[in-house]
Structures are given as structure tokens and as C-alpha cells.
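Have a look at the structure below before the remarks.
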Amino acid sequence: MKLRTLTLGLLSASALALAAHAESITIATVNNGDMVRMQKLTDDFTKANPDIQLNWVTLEENVLRERVTTDIATKGGQYDVMTIGTYEVPIWAKQSWLLPLDKLGDDYDVKDIIPAIAGGLSVDGKLYAAPFYGESSFVMYRKDLMEKAGLKMPDAPTWDFIKQAADKMTDRANGVNGVCLRGKAGWGENMAFLTAMSNSFGARWFDENWKPQFDQPEWKNTLQFYVDLMKADGPEGASSNGFNENLALFQQGKCGMWIDATVAASFVSDPKASKVADKVGYALAPDTGLGKRGNWLWAWSLAVPAGTKKADAAEKFVSWATSKHYAELVASKEGWANVPPGTRTSLYNNPEYQKAAPFAKMTLDSINAADPTHPTVKPVPYVGVQFVAIPEFQGLGTTVGQLFSAALAGQSSVDDALKQAQDAATAAMTEGGYIK
Amino acid sequence: MARAVTTQHKTIATAAAWIVALLIFFPILYTIITSFKSEQEAIQGFALIPSGTTESYSEVQAQSGYFKFFLNSVILSVGSTVLALLIAVPAAWSMAFSPTKRTKDILMWMLSTKMMPAVAVLFPIYLIFRDTGLLDSRIGLTVMLMLINLPIVVWMLYTYFREIPGEILEAARMDGASLWNEIIYVLTPMAVPGIASTMLLNIILAWNEAFWTIRLTTTDAAPLTAFISSFSSPQGLFWAKLSAASTLAIAPILIMGWFSQKQLVRGLTFGAVK
């Protein structure tokens with residue numbers, strides 16, 4: 001009896017000692033399918049690194065952004081790994097809020113990261129965040145409806161073609177809208193789409209001297225085209241539709257075309273969720289022949305904040321979650337179609353992935369067609385395709401998004417919306433000290 | 001005739017009360033209904049009859065363990081309430097029974113702190129929590145929740161205590177009761193309905209508090225508010241899962257409210273009719 005007690009005591013003591021020795025890192029993330037999958041697969045990491053425990057904090061995107069900003073600005077040290085996007089990385093890296101990722105390991109193969117994505121996550125040639133999944137935007141369309149309309153979608157359509165096809169596909173009596181586009185106000189909602197679209201119309205947010213450009217004809221052409229297109233061929237109440245609302249409409253067969261994130265391809269082609277899974281075709285985002293397409297570039301990425309006390313363990317985790325090994329792990333457990341897309345060139349060269357994901361080539365082409373460092377036809381002083389990587393953009397982008405959403409809803413005219421956007425942008429830029 | 005009118009009035013009043021109650025309860029009811037829909041059904045539009053699937057519940061449970069968050073909610077709401085009562089009972093006693101010229105001003109000042117938007121003090125509070133090592137700790141959050149609800153607790157108790165005749169306390173004093181005896185053996189038993197309803201209301205307020213509980217916690221002290229907020233997704237359908245998480249989060253407090261509604265109503269209307 002005594003021996004048993006002693007053994008139990010020793011065992012508990014050693015367990016406690018092990019637990020005390022184990023380092024725990026806290027990872028802040030959003031509730032996206034790929035992130036949730038990663039949380040389920042972390043046994044693979046903890047088996048290889050028994051001295052590191054993982055704690056997850058999953059938050060709504062805007063709350064996450066606010067929380068990590070608070071924490072990082074005050075060096076609170078609450079998080080050791082943060083999920084952030086291509087908007088935050090250049091700003092935060094310049095503020096020295098992030099640690100450069102230079103210890104990702106010998107077999108990590110940094111050069112395998114798709115150059116457009118790596119460019120968006122680097123400052124002065126140093127990588128400050130590792131992409132977990134990357135996305136651009138493209139056209140998803142109903143092949144059957146396109147055929148019925150007597151048209152053939154080119155691989156690289158123009159906006160005029162989109163308008164023509166949308167007009168022909170619209171069949172309101174049967175609940176089919178020619179085109180579904182984002183209308184919900186927000187810098188990451190309608191403004192992501194409209195900013196990318198404006199690039200293809202030759203517009204830009206600011207000129208080289210940070211003067212707002214909403215009073216220029218390119219913006220008028222963009223917004224007028226968008227509002228007219230949506231009025232003629234868009235769904236009812238489009239001004240409150242974001243990614244999720246349009247996803248539901250498309251999956252139910254209520255959209256002829258949908259221009260949105262490439263990551264949506266896996267949702268619309270999933271037979272369990274989509275009524276039109278076998279009828280979807282893909283094409284590059286439209287252009288107007290000016291040399292830029294209306295597609296964006298985004299990567300949910302893992303970064304290590306400068307305030308962490310566990311930088312080594314954090315970087316080890318980042319390396320694991322964004323490695324080739326992780327892609328293989330997901331493929332072995334859940335199939336190649338579920339591997340996080342848009343980060344590594346090797347994935348797109350993999351024949352098994354190409355077979356499992358018919359949208360693979362178009363996704364890669366879309367990502368490669370976006371250049372965050374030269375996003376517009378005319379030169380600009382900023383980085384970012386569907387955003388302007390300055391701290392003021394979150395607030396300003398949402399304000400302008402509300403004005404444009406109101407124009408779509410018919411509450412104001414295109415001219416009024418643009419005038420107010422110009423005033424708001426001028427005020428914000430003056431306050432921020434960009435212009436005098 | 002007069003009798004008929006009274007009955008008619010009664011019927012109208014009852015119907016109106018039911019309609020108002022239903023309107024107030026409807027968002028909760030619809031959340032519960034949505035939790036039994038599939039994600040596709042949930043986003044399709046307004047429908048009162050769900051398909052009855054429980055897949056959202058299993059997914060929510062599989063994704064994050066409910067119990068840990070639940071336990072934190074219980075500890076934080078009960079802990080902060082007990083702490084608030086310990087401070088508020090003596091404070092309300094002194095203001096009710098030995099008021100000074102400035103008592104009203106102090107009460108108003110306390111209430112005015114509730115008028116300030118919480119976000120205005122986010123950074124100072126965050127820095128204090130960081131420097132004292134209280135971030136993501138139950139102790140820190142218990143104190144925080146106690147502080148934000150304290151003005152309401154003091155106000156409610158002050159209102160109840162004012163209804164108790166001061167002569168009874170004087171009589172106790174004449175019989176030789178000390179200050180503490182007076183509070184514990186005379187005042188408290190008489191104010192039990194008031195204290196109980198204050199306690200219940202404070203537990204509900206602390207349970208539902210979502211600004212500080214989300215911003216000052218990460219994993220160890222995160223309560224059910226953090227649990228709910230983790231189910232909203234920027235890319236992917238989530239209404240059904242979010243509704244299931246919300247239903248799980250509000251169920252305990254709803255059940256508690258149901259069983260204690262008598263005390264709650266009695267406490268809240270205490271002194272309303274003279």
C-alpha cells in the first residue's frame with residue numbers, strides 16, 4: 001500500500017514537473033474553416049514538440065483586430081502568435097510591432113511561398129508573417145446559364161462582357177440574378193471589391209502626393225458602372241450583402257455570376273452545401289483593357305508579436321502551420337481539396353492537388369495577377385491592392401464604404417456619394433498630416 | 001355595465017401584456033429556433049419552423065469545450081456579485097440612515113460613471129491590468145465586473161433601505177446593538193427581498209457583460225461571452241452555430257431567471273407603490 005502511494009506520488013510529481021516545464025503559447029485566430037481544421041490537427045505539432053502547449057483564442061474578425069491591436073500597441077504580451085492579414089503586416093512591421101521570421105527552419109523553403117503573397121508580407125526584404133492561406137478574387141459563373149444565354153465566358157473577361165452576360169442571364173421571374181456583388185458597407189466588405197474594381201478602371205485612392213482622387217472621372221466610371229450593373233442585374237437588397245450572403249445566394253442557384261474571393265470556390269463546388277456544385281466555371285476578374293484587373297490579394301497569416309516572451313516556441317509553431325508538411329498532413333487526413341490554398345507554389349505543381357481542385361490554376365493565375373506594390377494603372381504612394389496600407393484606412397475605408405453602399409441602395413446619387421467621399425478622404429488625410 | 005368594462009379592460013391589458021412580452025422574448029426565441037436549423041436554412045430567410053437538426057450543437061461542442069467557459073461565467077458573475085454586496089450594503093446603509101449634505105451628490109456621481117463609454121477607458125484599464133499581471137485572470141475580471149456594477153447595486157440597495165423605518169434601527173440601538181449587529185441582525189433580514197433581487201440582477205448583468213470580458217481575457221478566464229464571439233466567421237456560414245452557442249450561453253441564466261422571477265419582480269417593484 002505504502003509503495004503504491006509512493007509510486008503514485010512520484011508519478012504525480014513528475015507529471016507536475018513536466019507540466020511546469022512545458023511552455024504554453026497563445027494563438028489568436030479567426031473562425032474560418034481552415035483555421036478550425038488546423039486546431040483539430042495540432043496533435044501532430046504537440047507530439048513533435050511535447051514541451052510546447054497550445055492555447056487557442058478564436059474571435060470575430062473585427063474583435064480580433066481590435067484586441068490584437070490593443071495588445072500589441074501596449075505590449076501586453078497576451079498573444080504569442082497572431083492571425084493577421086496583408087493589411088496589418090506592412091504597417092505593424094514598420095512600427096517594430098512584429099518580429100521578423102528568420103528562424104523558420106532549414107526545410108521550410110521560404111522561396112516556395114508565392115512571390116505576390118511573400119511581397120505583401122515583407123518589409124525591406126524581411127518576412128514578418130507567414131501565409132496560412134492566401135486568396136485573390138475571380139469570377140465564378142454558372143456554366144449552364146452562360147450556355148443558355150448563348151455566350152462563352154473567356155478566361156479573361158472584360159467588364160463590358162460581364163454586363164452583357166449579366167443582362168442576358170437575369171431571369172427575375174425564376175429568381176436568377178445575373179450578377180451578385182458585395183454591397184455591405186465596410187473597408188473589408190464592399191470597399192475590398194470596389195477598390196480592386198476601381199484599379200481595373202484606372203482609378204486610385206490617392207495620387208503621388210496623397211491627394212484623394214474621388215473627384216476624378218475614373219472613380220465616377222467605376223461607381224456608375226457598379227451601381228447600374230447591380231440595379232439592372234443584381235439581387236434585391238444588395239446593399240446589405242457581404243461574402244456570406246452572396247455565398248448563400250450562389251449556392252442556392254440565385255446568381256449567374258459572382259465575383260469574390262477565390263477561397264469561395266471550395267464552398268460553391270461542395271455538393272453537400274451547393275445546389276450548383278457541378279455547374280460552376282471560373283474566370284479571371286474582369287478588366288477594361290488598361291492593364292490592371294479587378295482582383296485583390298489577401299493572405300491570412302501568422303505573425304509573432306514583438307511583446308512575446310516565447311518567440312522561439314511561437315516561431316516553431318508558425319513554421320509548422322505554414323509548412324509543406326502541414327499541407328501533406330491535411331491532405332492525408334481530409335483530402336487535397338481541403339489544403340489551405342494560395343500560399344505555396346509547390347502545391348499548385350502537385351498533380352494530386354490539381355485533380356482535387358479544378359479551380360487551382362485559376363486561383364494561382366489570379367494571385368499572380370495582383371501586385372500589391374504596384375496596384376494601380378497610375379502611380380500611387382501606397383501598398384495594397386484592395387486597401388491602402390495606412391492606419392487611417394480602416395476608418396476612412398468604412399466611411400467611404402457607407403457612402404457607396406447608400407448610393408447602391410438609391411439613398412444618394414453616385415455624384416453625391418463621390419463628393420462626400422472626396423470630402424471625407426481630404427479631411428482624414430489632412431488630419432493624418434499626409435496633406436496640408 | 002361597469003363590471004363589463006372592467007373585464008374588457010382586463011382582457012385588453014392581458015392581451016397587450018402578452019404581445020409586449022412576446023415582442024421582447026422574440027429575438028431569444030428566434031435564436032433558439034435558428035440553432036435547430038442547418039447553416040443553409042439559417043441564412044435563407046425568415047422561417048419559424050426549423051428542420052430540427054442538432055448538428056450545430058455537436059459542432060459547437062466539438063469546436064470548443066463549453067464547460068470551461070460556463071465555469072468561468074459562474075465564478076465571475078457570482079464572485080463579482082458577492083464582492084459588490086460586501087461593499088454596497090455598508091455604503092447604502094450609511095447613505096440611507098446617516099445622510100449628509102453631499103449624499104445625493106455622491107450617489108449622482110457614482111451613477112455618472114455608468115454614463116461614460118467603456119471604450120474611453122480601455123487603454124488605461126488594459127495598462128493597469130498588464131502591469132499588475134491581471135490580464136486573463138479571474139480575480140482581475142471579478143474586480144472589474146464588481147466595479148462596473150457597483151453603482152447600480154448601491155443605488156438599488158439605497159432605495160430599499162430608505163423604505164425601512166429608521167425607528168426600528170433606533171430601537172435596536174436602544175437595546176444595545178452594535179453597528180455590525182444592527183446591520184447583520186436587524187437591517188439585512190428586513191431587506192432580504194431587496195438584497196436578493198439586487199443580487200439576481202447583478203448576476204444577470206455580470207453574466208451578460210461582453211465588453212470587458214472579451215477584451216481582458218484570452219483563455220484562462222474567458223467566460224461564455226468569449227465562447228459566443230468565437231463562432232462568427234468572415235468567410236463561411238455561421239448563423240446556426242452562432243445561435244447554438246448563444247442558446248447554450250443564455251440557457252443557465254434564463255433558467256435561473258425563470259425560477260427566481262418572483263423575487264426579481266418583487267424586488268424590482270419594491271417601494272414602487274405607496
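The values are calculated or read from the model by the stated rules, or taken from the named source; none is laboratory data. The structure presented is a predicted model; accordingly, all values stated were derived computationally and were not measured. Note that we place each Cβ from the backbone using ideal geometry, even for glycine, and neighbour counts take in every protein chain shown.
The table below gives the values:
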quantity: A:Ala370 within 30 Å of A:Ala428 (Cβ to Cβ), buried (at least 18 other Cβ atoms within 10 Å of the Cβ) and of a type outside the set (Val, Ile, Thr); calculated: yes
quantity: Any chance B:Gly133 is within 14 Å of another protein chain (Cβ to nearest Cβ) and of a type in the set (Gly, Ala, Ser); calculated: yes
quantity: Counted residues, the range B:67-84 - those being surrounded by fewer than 21 Cβ atoms within 10 Å (Cβ to Cβ) and either more than 14 Å from every other protein chain (Cβ to nearest Cβ) or not in a helix (DSSP H, G or I) (or both); calculated: 9
quantity: Odd one out for A:Glu208, checked against (1) over 20 Å from A:Gly397 (Cα atoms); (2) more than 14 Å from chain B (Cβ to nearest Cβ); calculated: (1)
quantity: Qualifying positions in the range B:186-200 - more than 11 Å from B:Leu157 (Cβ to Cβ) and out of contact with any Ser or Thr (no Cβ under 9 Å at 6 or more places or on another chain); calculated: B:Val186, B:Pro189, B:Met190, B:Val192, B:Pro193
quantity: Boolean, A:Ala192 is closer than 27 Å to B:Ser233 by Cα, away from chain B (no Cβ under 14 Å), in contact (Cβ under 8 Å) with a residue 40 or more places away in the chain and in contact with a Gly (Cβ under 9 Å, 6 or more places away or on another chain); calculated: no
quantity: Selection status of B:Leu264, in contact with a Leu (Cβ under 6 Å, 6 or more places away or on another chain), modelled with pLDDT under 85, farther than 21 Å from B:Tyr57 by Cβ and not hydroxyl-bearing (Ser, Thr, Tyr); calculated: yes
quantity: Output for the range A:101-115, where each listed residue is in a loop (DSSP other than H, G, I, E, B) and surrounded by fewer than 18 Cβ atoms within 10 Å (Cβ to Cβ); calculated: A:Asp102, A:Lys103, A:Gly105, A:Asp106, A:Asp107, A:Asp109
quantity: Residue check, A:Gly256 at pLDDT 95 or above and touching a Gly at 6+ places or on another chain (Cβ under 7 Å); calculated: yes
quantity: Unique residue being in a helix (DSSP H, G or I) and either free of Cβ contacts under 8 Å to residues at least 40 places away in the same chain or under 30 Å from A:Thr170 (Cα atoms) (or both) when the list is A:Met146, A:Met140; calculated: A:Met146
quantity: Qualifying positions in the range A:34-62 - within 8 Å of another protein chain (Cβ to nearest Cβ) and either in a loop (DSSP other than H, G, I, E, B) or more than 20 Å from B:Gly65 (Cβ to Cβ) (or both); calculated: A:Glu60, A:Glu61
quantity: Flag if A:Thr83 is within 27 Å of B:Ala245 (Cβ to Cβ), more than 8 Å from chain B (Cβ to nearest Cβ) and part of a helix (DSSP H, G or I); calculated: no
quantity: Single condition A:Pro381 does not satisfy, out of (1) surrounded by fewer than 20 Cβ atoms within 10 Å (Cβ to Cβ); (2) under 18 Å from the mean Cα position of the chain (by Cα); calculated: (2)
quantity: Residue among B:Thr11, B:Thr7 that alone is modelled with pLDDT under 90, more than 14 Å from chain A (Cβ to nearest Cβ) and over 30 Å from B:Ala222 (Cα atoms); calculated: B:Thr7
quantity: Residue check for B:Ile32: of a type in the set (A, V, I, L, M, F, W, C) and either under 27 Å from B:Ser246 (Cβ atoms) or without any contact (Cβ under 8 Å) to a residue 60 or more places away in the chain (or both); calculated: yes
quantity: Within the range B:29-58, tally of residues that are hydroxyl-bearing (Ser, Thr, Tyr), in a loop (DSSP other than H, G, I, E, B) and within 14 Å of another protein chain (Cβ to nearest Cβ); calculated: 2
quantity: Output for the range A:63-77, where each listed residue is at the interface with another protein chain (Cβ under 7 Å from one of its Cβ atoms) and in contact with a Leu (Cβ under 9 Å, 6 or more places away or on another chain); calculated: A:Arg67, A:Thr70, A:Thr74, A:Gly76
quantity: Those residues of the range B:31-77 which are under 19 Å from A:Gln39 (Cβ atoms) and among the aromatic types (Phe, Trp, Tyr), in sequence order; calculated: B:Tyr57, B:Tyr66, B:Phe67, B:Phe69
quantity: The one condition in (1) outside the structural domain of A:Ser239 (by TED's automatic domain parsing); (2) at pLDDT below 95; (3) buried (at least 23 other Cβ atoms within 10 Å of the Cβ); (4) not hydrophobic (A, V, I, L, M, F, W, C) that A:Pro375 fails to fulfil; calculated: (1)
quantity: Subset of the range A:304-338 [touching a Ser or Thr at 6+ places or on another chain (Cβ under 8 Å), buried (at least 18 other Cβ atoms within 10 Å of the Cβ) and more than 26 Å from A:Ala93 (Cβ to Cβ)]; calculated: A:Ala337
quantity: Residue within the range A:18-25 that is out of contact with any helix residue (DSSP H, G or I) (no Cβ under 6 Å at 6 or more places or on another chain) and within 14 Å of chain B (Cβ to nearest Cβ) present; calculated: yes
quantity: Helices (runs of 4 or more DSSP H) lying entirely in the range B:171-229 (those with 3 or more residues that are under 20 Å from B:Leu83 (Cβ atoms) and within 14 Å of chain A (Cβ to nearest Cβ)); calculated: B:211-215
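Conditions tested, residue by residue: (1) free of Cβ contacts under 8 Å to residues at least 40 places away in the same chain; (2) assigned to a helix (DSSP H, G or I); (3) facing chain A (nearest Cβ under 9 Å); (4) within 26 Å of B:Pro50 (Cβ to Cβ).
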{"site": "B:Pro234", "(1), (2), (3), (4)": "yes, no, yes, yes"}
{"site": "B:Ala245", "(1), (2), (3), (4)": "no, yes, no, yes"}
{"site": "B:Pro252", "(1), (2), (3), (4)": "no, yes, no, yes"}
{"site": "B:Trp258", "(1), (2), (3), (4)": "yes, yes, no, yes"}
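This table checks each residue for (1) within 20 Å of A:Gly401 (Cβ to Cβ); (2) at pLDDT 95 or above; (3) crowded, with 20+ Cβ neighbours inside 10 Å.
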| site | (1), (2), (3) |
| --- | --- |
| A:Ala165 | no, yes, yes |
| A:Lys168 | no, yes, no |
| A:Arg182 | yes, yes, yes |
| A:Ala185 | yes, no, yes |
| A:Asn221 | yes, yes, no |
